Amino acid sequence: MRLDLGDLGFDEGAHLLVKRASRQLSLGEEMHVTGNAPELFTHLRVWCRSEGSAFRLESGRGGDASAAIIRSAAESDRWAGAESCGGARGSEPAAVVEQPPRTWGLAARGATVEVGAPEYGFTLVDKTEVWSAQAPRFYAQGAAAQWDPQTAIPWDAPCDVPDDVEDAIVQIMTYLIENETAALMVPSRFIAQLHPHFREVMQVLALQAADEARHIEIFTRRALLKRDKLGLSTSGGQASLKTLIEEPDYAVASFLLSVLGEGTFLNLLRFIEMHASDPITAAVARFAAQDEARHVAFGLAHIGEHLERNPAARSRLAAGVRRRSDALRHTAGLNAEVFDALIILAAGSWEHAAIRRGFQRVMQLTRDMDEGRQKRLARLGFDQREAMELSGLHTRNFM
């Protein structure tokens, strides 16, 4: 085989032609390369060394130089031990495997990984723990459902709210901000631990973090719409969220956050929308609830599949709820200012009948939250007795 490079040098892309032609060589075959670019044969020698091919410089007719490239065993063996990141022999090229090796690293699923790649420190490498067959669908839905806080919320709508009700809204928004910050941190922490082989799960978690960042933005903007500072944050609320973001078990953290916490928050956001005294507050709650509903649905899908593959994990999830409840037994739970703010929001005024009505509505909200948790727990296979117990043990801080 002969290859004439003319005046094309390696610093202009000649290596691509050499590489393309050398692929046609069998073990031990030669290819003769000619050309007149400066330093061509110096560059060719270096290229051969890097590729594991033999190099021999020759003198041709008329004294013109040429080079012989000989494909050696070293070159042919370079990819001999490589493996595909795509499942067992005979499966689909990009099939999800049960425990991808850490040496697959950041390689795309379905790629061929060269032997000698470094081992990464991913801790979430077990398909049973992290995978959901619904992840691709939830990612597609989440990507299509992204919205712009600037245009989605009617910030210029009339907002003539009584001062006391406005103060209540500021307190509620302050509470929502710190809880959504926790909901952003939990998936963000696990993304870095997740093996990239489970890319759809990683993408869903990344979208969830982006959703929460957007919620923090709109809650902050609504709180400061007519006030120059936020409300109160209690040590009890902080303690509750600390136990959530420090939970080391991915499945337990997902269960506590998405199935119990965000599921409970769905009731809260719909309550705020229903009783909002202005269209901006209603829109803020409505758009946040749309995202949270998707988070809850993915959490149920993930935990449901996890329990199908490993039914014994149900006791581990229950233990996580009990452990968190025990850690918080000496805390006050829900910020009293938040509870009162919800009453004022639902009442809309200081009239006795309105306050009574607002109080009753908040108490009904807590009952609705409990009923919703029990239903989700039942969907995951918990019996009625344990569902009632675990729902009752869920943090009084809602999230």
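All of the numbers you see were taken from the coordinates with simple rules; none came from a lab. A quick note: this is a predicted structure, and the numbers were derived from the prediction, not measured. Cβ placement follows ideal geometry from the backbone for every residue including glycine, while neighbour counts extend to all protein chains displayed.
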To the nearest 0.05, the calculated FRET efficiency linking residue 246 and residue 379 through their beta-carbon distance, R0 being 35 Å, is 0.85
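Contact order normalised by length for the chain, with contacts defined as Cα pairs under 8 Å and 6 or more residues apart; what percent is it?
Numbers: 566 pairs, mean separation 56.4, N = 399.
Contact order relative to length: 14 percent.
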Projecting the Cα atoms of 172, 302, 193 onto the charge dipole of the chain, where Lys and Arg contribute +1 and Asp and Glu -1 at Cβ, the residue farthest towards the positive end is 302
Projecting the Cα atoms of 244, 269, 161 onto the charge dipole of the chain, where Lys and Arg contribute +1 and Asp and Glu -1 at Cβ, the residue farthest towards the positive end is 244
Expected unfolding gain across residue 229-residue 144 under the 0.36 nm per residue rule, minus the alpha-carbon gap, is 27.2 nm
Output row, site residue 11, 7 Å Cα→C-beta label point, backbone N cut-off 11 Å, window segment 21-53, residues 38-40
Matching label for the computed Rg and Dmax of the Cα atoms in Å, out of (i) 30.6, 111; (ii) 39.7, 146; (iii) 27.0, 107, is (i)
Which of 378, 65, 301 fluctuates most in a GNM of the chain (C-alpha springs under 10 Å)? That residue is 65
Across 372, 105, 35, the residue with the highest GNM fluctuation in the chain (Cα network, 10 Å cutoff) is 35
Given unit charges at Cβ for Lys, Arg (+) and Asp, Glu (-), the dipole magnitude of segment 2-76 about its Cα centre in debye, nearest 20, is 240
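Among all lysine pairs in the chain that are eight or more places apart or on different chains, how many have alpha carbons less than 29 angstrom apart?
Numbers: 127/242; 127/375; 229/242; 242/375.
Lysine pair count for the chain: 4.
Using the Cα centre as the reference, give the magnitude of the dipole from point charges on the C-beta atoms of segment 99-242 (Lys, Arg: +1; Asp, Glu: -1; all else neutral), rounded to the nearest 20 debye. Mind showing how you got there, number by number?
Working: 13 positive and 18 negative charges, 114 e Å.
That gives segment 99-242 a dipole magnitude of about 540 debye.
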Scoring segment 132-268 by relative contact order with C-alpha pairs under 8 Å, at least six apart, yields a percentage of 32
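Tally Lys/Arg at +1 and Asp/Glu at -1 over every other residue whose Cβ is under 13 Å from the Cβ of residue 395; what's the total? Please list the in-between numbers first.
On the way: positive: 242, 322, 323, 324, 329, 373, 396; negative: 247, 262, 326, 370.
With Lys, Arg at +1 and Asp, Glu at -1, the net is +3.
Anything in the chain that counts as a DSSP H helix reaching 27 Å or more along its axis (C-alpha) with Kyte-Doolittle mean of at least 0.0? List them, would you? Display every interim value, and only then the final one.
Details: long enough: 163-191 (42 Å, 0.43); 199-223 (36 Å, -0.17); 279-309 (45 Å, 0.04); 352-379 (41 Å, -1.17).
Those that clear 27 Å and a mean of 0.0 are 163-191, 279-309.
What FRET efficiency do you get for residue 164 and residue 290 if R0 is 41 Å and r is their Cβ-Cβ distance, rounded to the nearest 0.05?
On the way: r = 29 Å, r/R0 = 0.71.
Computed FRET efficiency for residue 164 and residue 290: 0.90.
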Quick calc, residue 193 & residue 112: beta-carbon distance into FRET formula, R0 35 Å, rounding 0.05, result 0.90
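Report, in debye and to the nearest 20, how large the dipole of the chain comes out about its Cα centre when Lys and Arg carry +1 and Asp and Glu carry -1 on their Cβ. Please report the intermediate quantities before stating the final value.
Details: 44 positive and 53 negative charges, 196 e Å.
So the dipole magnitude of the chain works out to roughly 940 debye.
For the chain, what is the mean residue ellipticity at 222 nm derived from helices alone (per DSSP H run of n ≥ 4: -39500 (n - 2.57); sum divided by total residues; nearest 500 deg cm²/dmol)? Write out the running numbers ahead of the final one.
Numbers: 16 runs with 223 residues, N = 399.
Using -39500 (n - 2.57) per qualifying helix, the result is -18000 deg cm²/dmol.
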